[in-house]
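Each value in this text was obtained by applying a stated rule to the coordinates, not by laboratory testing. Not measured: the values here are computed from a predicted model. Glycine also receives a Cβ, built like all others from the backbone with ideal geometry; neighbour counts cover every protein chain displayed.
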Amino acid sequence: MIMEAIGLIKSYGEGSATVKALDNVTLQIEDGEFVAIMGPSGSGKSTLLHLMGGLDSITSGQVKVNGRDITTLKEAELARFRRKEIGFIFQSYNLVSVLTAEENVALPLLMDGCKESVMRENVGKAINLVGLDGRSHHRPSQLSGGEQQRVAIARAIVNNPSIILADEPTGNLDSVNAEEIMDLLSNLRNKSGQAIVMVTHDPKMAAYADRIIFLKDGRIIDEERLGGKIDQKKLVSKLKGSTN
Amino acid sequence: MSVKYGILAILSRRPFHGYELRQELEAELGSNWSVNYGQIYSTLDRLERDGLVIQSDTVAVNDAPDRKLYTITPAGQDELNKWFLNPVTKIDNLRDEFYAKVVLSLTSNVSTEDVLQIQRKAELQKLHELTRLKEEADPAIELPWIMQIDLAILHTEATMQWLNMCEARLRKLKDIYKQGPSVKVKRDGREIRPAGDTAADITKREEKQTARDFRRR
Ligand SMILES: Nc1ncnc2c1ncn2[C@@H]1O[C@H](COP(=O)(O)OP(=O)(O)OP(=O)(O)O)[C@@H](O)[C@H]1O
Ligand SMILES: [Mg+2]
């Protein structure tokens, strides 16, 4: 198990204006597992992802990564933990506009005071993995949405984190680009064994996952493990049949 | 859709005479589901044979054309619940059978939200398999096959969007009921139960009331 959330509660506001965005959420993510989180708008999906990644304070409960409780970490420790263990990918890419693709990818390493030679090697590898070799000196404004998201993915994996947290990573992309990003994510997982937790509204994207967790009103209402429950042969013959 | 489950769902509300069932089914599901009396009675015979309903003779009232009253048995209720809580897997049946399931569940003792969620999970399993098939296909030589899978994926996605819409509409309806007691109205001389009282009925009623109040001033 790479990550565990225990009895997570998150409230915003005070007194009568309190909103309970998360209400006692407990879940486990296994090593190398790909989990999708689905649920209606406002159900707390982004909040959950932020708490799992130590991006926001927890009202009560615990988040453990590799057995370590991150809720007790001080600000500076938490920042170091995030850079080492977690790769974030957002719907809006969140790249630094004045830096080139390569420099954006190098950012987490720079902040950790990484050696120049190691940095070059790791950045080159990450850029290559996401298929952006020819584009490394472009600025975000010179790249398409799909390419910018590839840069964001390269940045998320450059530290070789144990878990990738993605919030609607394909939300701004057309179907073909979205599919390429999903193929990329699922290949990365297969190659380097990183766990992925992805929030999505889109069932086409959730279908890449091993397991789906359904949130509603800040609670987990259901979950489903994907694979093996459907007769693939029947499905294929049905599809092939309908072409003739 | 299968007449069998339609009849069981109607009988789960209260016992009915055979001749009433046709009318009830059509009122519930719309005229697309119209079935003839022959189908109703042959289905009732089979249901009785399998112990899912029992019939009893009653005293003739109001010139009723038959005196047989049908009642669902506990085994019939079990069978019905099983139908509600299992996803529709035959691709061709989804449109008809699943629609019937959703509508009939509204007046049954199973939760329509559960019915929707169970189908949602089945559709996600199908999407997962389709995605796997697509990943395994070679775009250089199997393009028509990939395009065929794309189409199936988009159909599944449309179904899932429809599930989301059903759920959203149910939530809206619940909010409406929270706001006040519902009044029984007559439509085509038929009494509408609260669950059949749509948002449109309620708005229309409110409009009428407002119009009346306005004239009175
Ligand atoms: N900073 C904040 N201050 C106050 N309330 C917040 C804040 N962030 C989120 N919320 C509330 O918490 C609840 C959950 O929000 P969250 O962003 O996690 O939903 P979500 O499931 O990601 O929705 P969407 O699908 O629309 O992105 C919502 O009711 C939201 O209004
Ligand atoms: Mg969100």
| request: Return the percentage of antiparallel bridges among DSSP beta bridges fully within the protein assembly as shown, rounded to the nearest 5 %. | output: 60 percent
| field | Cα centroid of the stretch B:17-31 to Cα centroid of the stretch A:114-128, whole Å | value | 71 Å
| Kirkwood hydrodynamic radius of the stretch A:91-239 from all distinct Cα pairs, in Å? | 16.8 Å
| field | Cα-Cα P(r), the stretch B:3-84, percent of pairs per 10 Å interval | value | 19, 54, 26, 2
| message | Quick one: 3J(HN,Hα) in Hz for the stretch A:31-46, Karplus 6.51/-1.76/1.60 with θ = phi - 60°, rounded, Gly and Pro as x. | response | 4, x, 7, 10, 10, 9, 10, 10, x, x, 4, x, 7, x, 4, 5
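With charges set only on the Cβ (+1 for Lys and Arg, -1 for Asp and Glu), what does the dipole of the protein assembly as shown come to about its Cα centre, in debye to the nearest 20?
Dipole magnitude for the protein assembly as shown comes out near 1180 debye.
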| said: Given the DSSP H assignment, sum -39500 (n - 2.57) over each helix run of at least 4 residues in the protein assembly as shown and divide by its residue total; what's the result at 222 nm in deg cm²/dmol, nearest 500? | reply: -15500 deg cm²/dmol
| Among bridges DSSP assigns within chain A, what percent are antiparallel (round to 5)? | 55 percent
| task | Measure off 7 Å from each Cα along the Cα-to-Cβ vector at B:Trp33 and B:Glu135, then give the distance between these two points in nanometres to one decimal. | result | 3.9 nm
| query | How large is the charge dipole for the stretch A:1-85, taken about the Cα centre, if only the Cβ atoms of Lys, Arg (+1) and Asp, Glu (-1) carry charge, to the nearest 20 debye? | reply | 220 debye
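Which length gain, in nm to one decimal place, applies between A:Asn190 and A:Ser117 when the Cα-Cα distance is subtracted from 0.36 nm times their residue separation?
That works out to 23.6 nm of additional length.
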| With the dipole of the stretch B:92-178 worked out from charges on the C-beta (+1 for Lys and Arg, -1 for Asp and Glu) around the Cα centre, which of B:Val102, B:Ala140, B:Met160 lies farthest toward the positive end? | B:Val102
| request: Given a cut-off of 21 Å, name the pairs among B:Lys4/B:Lys174; B:Lys4/B:Lys68; A:Lys233/B:Lys126; A:Lys64/A:Lys84; A:Lys233/B:Lys134 whose C-alpha atoms lie farther apart than that in the structure shown. | output: B:Lys4/B:Lys174
| Listed residue (A:Gly44, A:Gly171, B:Tyr41) projecting farthest to the positive dipole end of the protein assembly as shown, Cβ model | B:Tyr41
| note | For the protein assembly as shown, the Cα convex hull volume per residue in Å³ comes to 225 Å³
| remark: Expressed as a whole number, the average count of other chain Cβ atoms within 10 Å around the Cβ atoms of B:129-136 is 6
| note | Per the charge dipole of the stretch A:92-244 (beta-carbon charges, Lys/Arg positive, Asp/Glu negative, Cα centre), the residue among A:Leu226, A:Ser141, A:Val105 reaching farthest to the positive end is A:Leu226
| message | Quick check: pseudo-label points 7 Å beyond the Cα along Cα→Cβ at A:Lys125 and B:Leu173, how many nm apart are they? | response | 5.6 nm
